[in-house]
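**Q** Before I ask anything, here is the structure I am working with.
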Amino acid sequence: MTLALASILPQVTQAAGLDVAAVAKGLLYFGTATDNPELTDTAYVAGLKNTDDFGQITPGNSQRNTFAFTKGDMIADLAASNGQQLTCHTLVWHSQLPNWGIGSWTNETLLAAMKNQITNVVTHYKGQCYAWDVVNEALNEDGSYRDSVFYQHIGPAYIPIAFATAAAADPDTKLYYNDYSLVYAGAKATAVQNIVKLVQSYGARIDGVGLQDHLIVGNAPSQSAQASNLAAFTALGVEVAITELDIRLTLPATDALLAQQSTDYRNTVAACV
């Protein structure tokens, strides 16, 4: 990744860190994610705290669906002590449901529980998060709505209601929809663009879309294709962020595979620029 960034930033020396290089090109940050078990590894934490590389941190699991804030606070405090931005994750997700998300529900009772969850968690972290992933992975691969407990009892309206509830709890944080398989233009990317329009049609605020890019070496879209796809989101008046990025290769690694992996990472990062 360092070489890929250096190759698209000729005015920045190759010794520059990832975040330094990204900010030099006008981006907000280059960040990473972490989880609490990893914080016992001193060498890892030293790298995590290197703000030349990482200007932002996302807690992987510790803020999900819980009112037990100790673990989430550890990562929030770490980011604050380093002067790193914090992207908070995630408020409404069909997976890893807490106890309140399992059982018999009506539209009214599930709405109340969802709003209570969002309000309590966002209020606890009020003023600390650059952004919240408000709704995570609400769609199937074909762009249809996932048959989650929220969709079953509330319908698509649960999404704008979630965004409105988060905005009321912290008016100053950015609010994102987050999903995977959006790197390619197509049915799912179009469906997420429609989610942006849905939230906006309700008069609720949505500030960004997060793309989880899980790619395979040699199959990543070109830089121009990715840039065009990102532009389709920003045309709706929202930010875009690549919230997860991995480009995997089949072992054993070869010089050719590693070179292609470098090209694929370069194209993906360059598309943001």
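The values are calculated or read from the model by the stated rules, or taken from the named source; none is laboratory data. All values derive from a computational prediction rather than experimental measurement. Cβ sites come from the backbone with ideal geometry, for glycine too, and all protein chains shown count toward neighbours. Accessible surface areas use protein heavy atoms only, side chains included; no ligands, DNA or RNA. Shrake-Rupley method; radii C 1.70, N 1.55, O 1.52, S 1.80 Å.
**Q** Quick check on region 15-32: of everything there that is aliphatic (A, V, I, L, M) and part of a loop (DSSP other than H, G, I, E, B), which residue is farthest from Thr87 (Cα to Cα)?
**A** Result: Ala15.
**Q** Just to be sure before I move on: is Asp142 open to solvent by less than 20 Å² (accessible area, probe 1.4 Å), of a type in the set (Asp, Glu) and either out of contact with any strand residue (DSSP E or B) (no Cβ under 9 Å at 6 or more places or on another chain) or under 24 Å from Asn194 (Cα atoms) (or both) in the structure I sent? First the steps, then the outcome.
**A** Working: open to solvent by less than 20 Å² (accessible area, probe 1.4 Å): no; of a type in the set (Asp, Glu): yes; either out of contact with any strand residue (DSSP E or B) (no Cβ under 9 Å at 6 or more places or on another chain) or under 24 Å from Asn194 (Cα atoms) (or both): yes.
It is false that Asp142 is open to solvent by less than 20 Å² (accessible area, probe 1.4 Å), of a type in the set (Asp, Glu) and either out of contact with any strand residue (DSSP E or B) (no Cβ under 9 Å at 6 or more places or on another chain) or under 24 Å from Asn194 (Cα atoms) (or both).
**Q** Of all residues in region 81-134, which are more than 27 Å from Asp19 (Cβ to Cβ) and in a strand (DSSP E or B)?
**A** Val92, Trp93
**Q** Please find, among Tyr176, Tyr202, Tyr180, Tyr184, the residue that is modelled with pLDDT under 95, within 23 Å of Asn136 (Cα to Cα) and not basic (Lys, Arg).
**A** Working: Tyr176 fails: modelled with pLDDT under 95; Tyr202 fails: modelled with pLDDT under 95; Tyr180 fails: modelled with pLDDT under 95.
Just a single option satisfies the conditions, and that option is Tyr184.
**Q** Is there a residue being β-branched (Val, Ile, Thr) and modelled with pLDDT under 95 anywhere in region 125-137?
**A** No: region 125-137 contains no residue that is β-branched (Val, Ile, Thr) and modelled with pLDDT under 95.
**Q** Name every residue in region 237-262 that is more than 17 Å from the chain's Cα centre (by Cα) and surrounded by 18 or more Cβ atoms within 10 Å (Cβ to Cβ), in order of residue number.
**A** The answer is Gln261, and nothing else.
**Q** Another question, then. Would you confirm whether or not region 221-238 contains a residue that is closer than 17 Å to Asp133 by Cβ and either assigned to a helix (DSSP H, G or I) or touching a Ser or Thr at 6+ places or on another chain (Cβ under 7 Å) (or both)?
**A** Yes, the conditions are met somewhere in region 221-238.
**Q** When residues of region 191-206 are filtered for being open to solvent by 30 Å² or more (accessible area, probe 1.4 Å) and either assigned to a loop (DSSP other than H, G, I, E, B) or in contact with a Ser or Thr (Cβ under 9 Å, 6 or more places away or on another chain) (or both), how many remain?
**A** Adding up the residues that qualify gives 3.
**Q** Quick check on this structure: which one of Val199, Val209 is hydrophobic (A, V, I, L, M, F, W, C) and in contact (Cβ under 8 Å) with a residue 40 or more places away in the chain? Break it down stepwise before answering.
**A** Values: Val209 fails: in contact (Cβ under 8 Å) with a residue 40 or more places away in the chain.
From the options Val199, Val209, the qualifying one is Val199.
**Q** Ala43 passes all but one of (1) without any contact (Cβ under 8 Å) to a residue 12 or more places away in the chain; (2) over 26 Å from Ile242 (Cα atoms); which number fails?
**A** (2)
**Q** Which of the residues that make up region 72-86 are open to solvent by 10 Å² or more (accessible area, probe 1.4 Å) and within 21 Å of Ala166 (Cα to Cα)? Before you say what the answer is, go through the steps one by one.
**A** Step one: filter region 72-86 for residues open to solvent by 10 Å² or more (accessible area, probe 1.4 Å), giving 73-74, 77-78, 80-85.
Passing the criteria: Asp73, Gln85.
**Q** Here is a follow-up. I'm told Gly218 meets every condition in (1) surrounded by 15 or more Cβ atoms within 10 Å (Cβ to Cβ); (2) out of contact with any Lys or Arg (no Cβ under 9 Å at 6 or more places or on another chain) except one. Can you identify the failing condition by its number?
**A** (1) is the only condition that Gly218 fails.
**Q** Just name the residue that is modelled with the highest pLDDT out of those in region 87-115 that are open to solvent by less than 60 Å² (accessible area, probe 1.4 Å) and of a type in the set (S, T, N, Q).
**A** Thr87
Quick grid of which residues meet (1) in contact with a Gly (Cβ under 6 Å, 6 or more places away or on another chain); (2) at pLDDT below 95:
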position: Thr13; (1), (2): no, yes
position: Asn50; (1), (2): no, no
position: Phe54; (1), (2): yes, no
position: Gln63; (1), (2): yes, yes
position: Ala80; (1), (2): no, no
position: Gly83; (1), (2): no, no
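**Q** Here's another thing I want to ask about it. Among the residues of region 145-155 satisfying the criterion of being on the phi < 0 side of the Ramachandran plot and open to solvent by less than 50 Å² (accessible area, probe 1.4 Å), which is farthest from the chain's Cα centre (by Cα)? Full working, then the answer.
**A** Residues of region 145-155 on the phi < 0 side of the Ramachandran plot: 145-154.
Among the residues that remain, those that are also open to solvent by less than 50 Å² (accessible area, probe 1.4 Å) are: 146, 148-150, 154.
On the way: Arg146: 19, Ser148: 20, Val149: 22, Phe150: 20, Ile154: 24 Å.
So, considering only residues that are on the phi < 0 side of the Ramachandran plot and open to solvent by less than 50 Å² (accessible area, probe 1.4 Å), the one farthest from the chain's Cα centre (by Cα) is Ile154.
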